[in-house]
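So the structure is just underneath, and the comments pick up after that.
The values are calculated or read from the model by the stated rules, or taken from the named source; none is laboratory data. Everything numeric here is computed off the predicted structure, so don't read it as measured data. Cβ: placed from backbone, ideal geometry, glycine included. Neighbour counts: every protein chain shown. Accessible surface areas use protein heavy atoms only, side chains included; no ligands, DNA or RNA. Shrake-Rupley method; radii C 1.70, N 1.55, O 1.52, S 1.80 Å.
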Amino acid sequence: STSSIDWLEGKEQWHGLRSVVAVQEKRSVAGHTSCETRYYISSLEPRSAELNQITRSHWGVENSLHWILDVVFREDDSRF
């Protein structure tokens, strides 16, 4: 994470913007490995440990929600 955001276009549109966070993810499924970088903007100070915990918590909620949509509401069954 960094508070050096002078380069960020449109930053003035985000009231209270203080940092940009990059989270790198490496995932292996069935012998296939993929890497992805996610970027976040934040009104928090760039404290890596804190922002890491916040982004992990966010994705925990997202994953739980998608499980409910898939299993309980059978959302995957309605694909075209």
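Just a few scattered comments:
- Residues located in region 3-21, provided they are exposed (fewer than 11 other Cβ atoms within 10 Å of the Cβ) and closer than 25 Å to GLN53 by Cβ: SER4, HIS15, GLY16
- Of all residues in region 4-27, those being among the small types (Gly, Ala, Ser) and within 18 Å of the chain's Cα centre (by Cα) number 2.
- Residue satisfying all of: in region 28-43; open to solvent by less than 80 Å² (accessible area, probe 1.4 Å) and assigned to a strand (DSSP E or B); nearest to ARG18 (Cα to Cα) among these: SER42
- Yes/no for HIS58 being open to solvent by 60 Å² or more (accessible area, probe 1.4 Å), in a helix (DSSP H, G or I) and either of a type outside the set (Phe, Trp, Tyr) or modelled with pLDDT under 75 (or both): yes
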